[in-house]
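Structure record follows, encoded as structure tokens.
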Amino acid sequence: MSHNSTEKLVYMANQIATAFATQKHEAAVEATRTHIRKFWDPRMRTKIAEHIAHGGEGLLPIAREALEGLATPKAA
């Protein structure tokens, strides 16, 4: 994927976060995380995780927190 596709993923993550932003912060983060887990292709999640590892430029706070939590597997 090109840098442009990373920009598109950032845009998409921010759109999802914005859609849930009217909820309380933690609920918005979890709803954003759940949406991305359910609907994004694994390649998309991998690409955005790489972007976060390099600073996550452009991500809104809700999107960043959601994606950081997605990158850290929950204990079983």
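The values are calculated or read from the model by the stated rules, or taken from the named source; none is laboratory data. Quantities reported herein were computed from a predicted structural model and do not represent experimental measurements. In this analysis, Cβ positions are derived from the backbone assuming ideal geometry, glycine residues included, and neighbour counts consider all displayed protein chains. Each accessible area value is taken on the protein alone, full model and side chains, heavy atoms only, with ligands, DNA and RNA left out. Shrake-Rupley method; radii C 1.70, N 1.55, O 1.52, S 1.80 Å.
Below is a table of values for the structure above.
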read-out: Accessible surface, per residue, of the chain when the full set of protein chains is kept, probe 1.4 Å, Å²; value: 65 Å²
read-out: Inter-probe distance in nm under a simple model that places probes 7 Å from Cα toward Cβ, at His25 and Glu7; value: 3.0 nm
read-out: Accessible-area composition of the chain, carbon plus sulfur, in percent [1.4 Å probe]; value: 58 percent
read-out: DSSP H segments from the chain that extend 24 Å or more along their own axis, Cα-based, with Kyte-Doolittle mean of 0.0 or above; value: none
read-out: Ranked packing of 60-66, 37-43, most packed first, by mean Cβ within 10 Å; value: 60-66, 37-43
read-out: Average projected area [Cα convex hull, the chain], square nanometres; value: 4.9 nm²
